[in-house]
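Chemist: Okay, handing you the structure first.
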Amino acid sequence: MMKSSELVKPFEIPKAPFFGSKTIEGVSIKALLPYLNENMLFQLHWGFKKVGVSTEEKKAWIKENIRPTYNRMIKMCEEQKIITPKAVYGFWKCASEGDSVVLFDERGKIEVGRFSFPRQQKDDGLCIADFFHDVASNERDVVGLQVVTVGSRASEVEKQLMENDQYQDYLFLHGLAVELAEAMAEYVHKRIRSDLGFANKDADDIKKMIKQGYQGCRYSFGYPACPNISDQRLLLGLLRADRIGIKILENDMLEPEQSTSAFIAHHPQAKYFNV
């Protein structure tokens, strides 16, 4: 694992096309399917597994046994408007201060928010704050924030399926909605990289791209490097996420259920790491 002192500094700060936030609506399910992690959907959520066979045999097995269900559920979601992807994303001027990332107004003078992160408990351990220019620098860095949802109707239909004893379709829909929310998060992160001018560095193969085949990193609250899910309150407030119907509950979970937020570092060496 990389050490804090091994990070490239100073590094180029990309130019944000705007500061503040904007909404994304009207994204079709078909636009998200290239970003969908089918392995997670088929194996983890739907419980379909085929081991001890060749790649070609597995593809044929998926085509025969899983694709019909997949196509049926996609068609149902489209026809009944079960999935309504929406997002808010934006950019803020920022700087690191110790183990915190401080967000500023557009002039880079007034603090508007602060996120504090844990540091690896070892010599020269990493912290997310290390991926940003120090507050003592003459330059302000830039950070991206995003929150996405597939809407509340998915949960409503899931409840109806349970009440009607349609447990298998409940399982299929729930897993699909979860992974479509993740696909929407990838879709929006791609937009952020494009806005910042380095989406051309993405892996050509989209399957490799969604396995972090791009510059920077999208950190979701709850992961080891940013464990404090209550920080989503600040993130949602900065983004004004209520514009697309997202709110945070007393237990710090997002509503609608199939929603996810993220704090985005553009540093070329930013990746996931454990604390």
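Taken together, the values in this text are just the output of simple stated rules run on the coordinates, not laboratory data. Quantities reported herein were computed from a predicted structural model and do not represent experimental measurements. Neighbour counts run over all protein chains shown; Cβ positions are idealised from the backbone, glycine included.
Chemist: Filter segment 187-228 down to the residues that are under 18 Å from Phe132 (Cβ atoms), outside any loop (DSSP other than H, G, I, E, B) and among the aliphatic types (A, V, I, L, M) and list them by number.
Modeler: Those that are under 18 Å from Phe132 (Cβ atoms), outside any loop (DSSP other than H, G, I, E, B) and among the aliphatic types (A, V, I, L, M): Ile192, Leu196.
Chemist: Continuing with this model, one more query. What residue, among those in segment 213-259 that are hydroxyl-bearing (Ser, Thr, Tyr) and closer than 26 Å to Ser194 by Cβ, is farthest from the chain's Cα centre (by Cα)?
Modeler: It comes out as Tyr214.
Chemist: Could you check Val53 against (1) surrounded by 15 or more Cβ atoms within 10 Å (Cβ to Cβ); (2) out of contact with any His (no Cβ under 8 Å at 6 or more places or on another chain) and say which number it fails?
Modeler: (1)
Chemist: Looking only at segment 207-222, count how many residues are among the charged types (D, E, K, R), without any contact (Cβ under 8 Å) to a residue 24 or more places away in the chain and closer than 25 Å to Gly26 by Cα.
Modeler: The total comes to 1.
Chemist: Next question, about the same structure. Tell me which residues, restricted to segment 72-90, are among the aliphatic types (A, V, I, L, M) and more than 18 Å from Leu173 (Cβ to Cβ).
Modeler: Within segment 72-90, Ala87, Val88 meet the criteria.
Chemist: Moving on to the next point. Taking only segment 245-273 into account, find how many residues are over 19 Å from Ala225 (Cα atoms) and part of a loop (DSSP other than H, G, I, E, B).
Modeler: 8
Chemist: Six or more apart or on different chains, Cβ under 8 Å: which pairs go from a residue in segment 178-206 that's under 13 Å from Cys217 (Cα atoms) to one that's part of a helix (DSSP H, G or I) and hydroxyl-bearing (Ser, Thr, Tyr)? Could you list them?
Modeler: Glu186/Tyr35; Lys190/Tyr35
Chemist: Restricting to segment 228-247, and then to whatever is touching an Asp or Glu at 6+ places or on another chain (Cβ under 9 Å) and of a type in the set (A, V, I, L, M), can you tell me which residue is surrounded by the fewest Cβ atoms within 10 Å (Cβ to Cβ)?
Modeler: Ile229
Chemist: Quick check: is even one residue across segment 48-71 over 16 Å from Phe172 (Cβ atoms), charged (D, E, K, R) and in contact with a Cys (Cβ under 7 Å, 6 or more places away or on another chain)?
Modeler: No, every residue in segment 48-71 fails to be over 16 Å from Phe172 (Cβ atoms), charged (D, E, K, R) and in contact with a Cys (Cβ under 7 Å, 6 or more places away or on another chain).
Chemist: Just for segment 129-185: of the residues that are assigned to a loop (DSSP other than H, G, I, E, B) and under 20 Å from the mean Cα position of the chain (by Cα), which one is surrounded by the most Cβ atoms within 10 Å (Cβ to Cβ)?
Modeler: Val150
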